[in-house]
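The values are calculated or read from the model by the stated rules, or taken from the named source; none is laboratory data. Predicted model only: the values in this text are computed from it and were never measured. Neighbour counts are summed over all protein chains in view; Cβ atoms, including those assigned to glycine, are modelled from backbone coordinates with ideal geometry. These accessible areas exclude ligands, DNA and RNA; they are computed on the full protein's heavy atoms, side chains included. Shrake-Rupley method; radii C 1.70, N 1.55, O 1.52, S 1.80 Å.
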Amino acid sequence: MRYISLYAFFFIYYISIGMSTFVPKFYGELGLSDGQIGVLSSVPTLVALASTPLLATLTDRVPRKRYLLAALLLLMALFCFLVAKCVSFGALLLVVSGYSVFSTSVNPNATTIALEYCHQIHRDYGPIRLLGTVGYQVGALLVGIILSRTLNSLYPLMGAVVLAAFAVTFLMPNVEGHQHHPEKVPLKLLFADRHVRWLYAIIFFATVSAQFYMSFYSKHLGDLGMDNATVSWITLLSVVAELPFLYWGDRIARKTNIWNWLLVGIVANGVRWLGLAYSTTTLPILLFQIPGVTVLACFEFFPALYLSRKVSPELTGAAQNILNLTTFGAAKILGSLVGGFICELTGIPALLAINGALQLLGAVVLWRFTRRLIAKETVLLLSE
């Protein structure tokens with residue numbers, strides 16, 4: 001039952017994440033400018049950034065991690081329902097900031113619980129995360145069906161799904177926080193490892209452009225004249241490639257190197273952004289969305305597995321929180337806020353093209369440096 005509950009949780013919770021891809025389009029329906037959308041995508045993330053060290057530390061210090069996860073989900077749902085009560089931009093910014101503080105920590109906490117429990121019972125994590133991707137697709141599809149005309153009820157619908165995920169947490173494994181005893185390991189020791197520091201740094205560079213995409217692409221499709229149902233189907237089909245990857249993901253991770261996969265992801269994203277910049281119809285958009293699996297594979301899934309093996313048990317929860325903060329926190333602030341103001345001058349397609357070119361250039365610059373990281377890790381493995 002504990003193992004099955006992980007499947008249920010990831011499926012249900014990721015429905016809300018699939019729905020959240022329509023948030024920028026919801027803001028567009030409210031009549032907000034690209035700059036205001038950038039503020040709503042980045043300033044709440046900045047607030048979440050400030051709270052992450054506390055929540056990351058709590059993840060490893062609570063007696064049972066699932067109870068912290070439950071509290072985060074309950075507060076997240078509350079702020080979802082409050083969005084409908086906002087009548088000004090300032091109020092909306094305040095409520096969305098509260099939502100971001102708690103939502104930013106949900107996924108890394110759930111990932112930590114799943115990874116630790118799978119390690120304990122010698123089962124793969126990939127199939128569990130696969131159900132998350134299925135849930136993501138279902139969430140995008142549900143928005144297209146239920147809210148095809150208007151997105152006014154988007155946040156309350158997300159809140160209802162989050163409450164369902166909250167209920168499932170009480171069936172999840174009782175994974176303990178490894179620092180709930182008097183002995184404490186300071187968070188700063190996580191960054192004592194040079195390879196961990198560079199992992200976060202490279203992921204930050206790689207995901208800034210991805211966060212710009214996530215903040216503006218559903219609005220961009222709306223600007224191209226596509227309705228909510230069409231955007232929903234494009235979103236659903238865009239992540240189909242994740243399913244077979246996740247099924248075999250654990251086995252792939254055991255036979256490859258994280259640094260090579262980071263480069264693969266950067267190159268794939270560069271090609272993707274350039275292709276999407278010049279695509280205006282459904283078929284080419286779908287074709288250039290196929291490399292999107294690299295965002296999950298190279299910047300979320302593989303790094304999560306790498307950190308679960310690399311970091312001491314006392315800091316695994318913090319490591320996953322910092323990983324999530326890197327991709328959906330710091331990178332989102334730059335990609336959404338700066339990107340929003342730049343695309344008011346250049347337009348979304350032009351900025352996608354710029355991001356694509358920068359990613360390809362970055363892959364060239366990082367090639368030789370990552371070879372040195374691989375060589376160093378090989379030496380460390382041999383010495384053990």
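Go through (1) under 15 Å from the mean Cα position of the chain (by Cα); (2) under 21 Å from Val239 (Cα atoms); (3) hydroxyl-bearing (Ser, Thr, Tyr) one by one and return the number of the condition Ser148 breaks.
Answer for Ser148: the failing condition is (1).
Taking the residues in segment 123-151 that are open to solvent by 20 Å² or more (accessible area, probe 1.4 Å) and not in a helix (DSSP H, G or I) as candidates, determine which candidate is nearest to Leu243 (Cα to Cα).
Ranking the candidates gives Asp124 first.
So for segment 274-285 (the condition being of a type in the set (S, T, N, Q) and crowded, with 19+ Cβ neighbours inside 10 Å), does at least one residue qualify?
There is no residue in segment 274-285 that is of a type in the set (S, T, N, Q) and crowded, with 19+ Cβ neighbours inside 10 Å.
Suppose we keep only residues that are aliphatic (A, V, I, L, M) and modelled with pLDDT under 80 within segment 163-189. Which one would you say is farthest from Leu325 (Cα to Cα)?
Here the residue is Val175.
Hey, any hits in segment 303-320 for a residue that's polar (S, T, N, Q) and modelled with pLDDT of 80 or more?
Looking for residues that are polar (S, T, N, Q) and modelled with pLDDT of 80 or more, one finds at least one in segment 303-320, hence yes.
Quick one: in segment 249-270, of everything that is modelled with pLDDT under 80 and not in a helix (DSSP H, G or I), which residue is nearest to Arg123 (Cα to Cα)?
For segment 249-270, the residue satisfying everything is Lys255.
Test Leu246 against the stated conditions and say whether it is in contact with a Lys or Arg (Cβ under 6 Å, 6 or more places away or on another chain), part of a helix (DSSP H, G or I) and either crowded, with 20+ Cβ neighbours inside 10 Å or among the β-branched types (Val, Ile, Thr) (or both).
Considered against the rule, which asks whether it is in contact with a Lys or Arg (Cβ under 6 Å, 6 or more places away or on another chain), part of a helix (DSSP H, G or I) and either crowded, with 20+ Cβ neighbours inside 10 Å or among the β-branched types (Val, Ile, Thr) (or both), Leu246 comes out as yes.
With Phe89, Phe81 as the choices, which residue is in contact (Cβ under 8 Å) with a residue 40 or more places away in the chain, of a type in the set (Phe, Trp, Tyr) and farther than 15 Å from Gly159 by Cβ?
Phe89
Return the pairs, sorted by first residue and then second, in which the second residue is small (Gly, Ala, Ser) and at pLDDT 85 or above, the first residue lies in segment 107-122 and is over 19 Å from Lys310 (Cβ atoms) and open to solvent by 20 Å² or more (accessible area, probe 1.4 Å), the beta carbons are less than 8 Å apart, and the residues are 6+ apart or on different chains.
none
Go through segment 249-273 residue by residue and tally those that are within 23 Å of Ala353 (Cα to Cα) and either of a type in the set (A, V, I, L, M) or open to solvent by less than 10 Å² (accessible area, probe 1.4 Å) (or both).
The qualifying residues number 11.
Somewhere in segment 65-82, is a residue charged (D, E, K, R) and open to solvent by 40 Å² or more (accessible area, probe 1.4 Å)?
No; the residues of segment 65-82 include none that is charged (D, E, K, R) and open to solvent by 40 Å² or more (accessible area, probe 1.4 Å).
Quick check on segment 225-235. Is at least one of its residues hydrophobic (A, V, I, L, M, F, W, C) and open to solvent by less than 10 Å² (accessible area, probe 1.4 Å)?
Yes, there is a match, as at least one residue in segment 225-235 is hydrophobic (A, V, I, L, M, F, W, C) and open to solvent by less than 10 Å² (accessible area, probe 1.4 Å).
Name every residue in segment 198-223 that is more than 18 Å from Pro291 (Cα to Cα), surrounded by fewer than 22 Cβ atoms within 10 Å (Cβ to Cβ) and at pLDDT 85 or above, in order of residue number.
Trp198, Tyr200, Ala201, Phe204 - these are the residues of segment 198-223 that are more than 18 Å from Pro291 (Cα to Cα), surrounded by fewer than 22 Cβ atoms within 10 Å (Cβ to Cβ) and at pLDDT 85 or above.
Do you know which of the residues in segment 9-60 that are over 19 Å from Trp233 (Cα atoms), over 19 Å from the mean Cα position of the chain (by Cα) and among the hydrophobic types (A, V, I, L, M, F, W, C) is least open to solvent (accessible area, probe 1.4 Å)?
Of everything passing the filter in segment 9-60, Leu32 is least open to solvent (accessible area, probe 1.4 Å).
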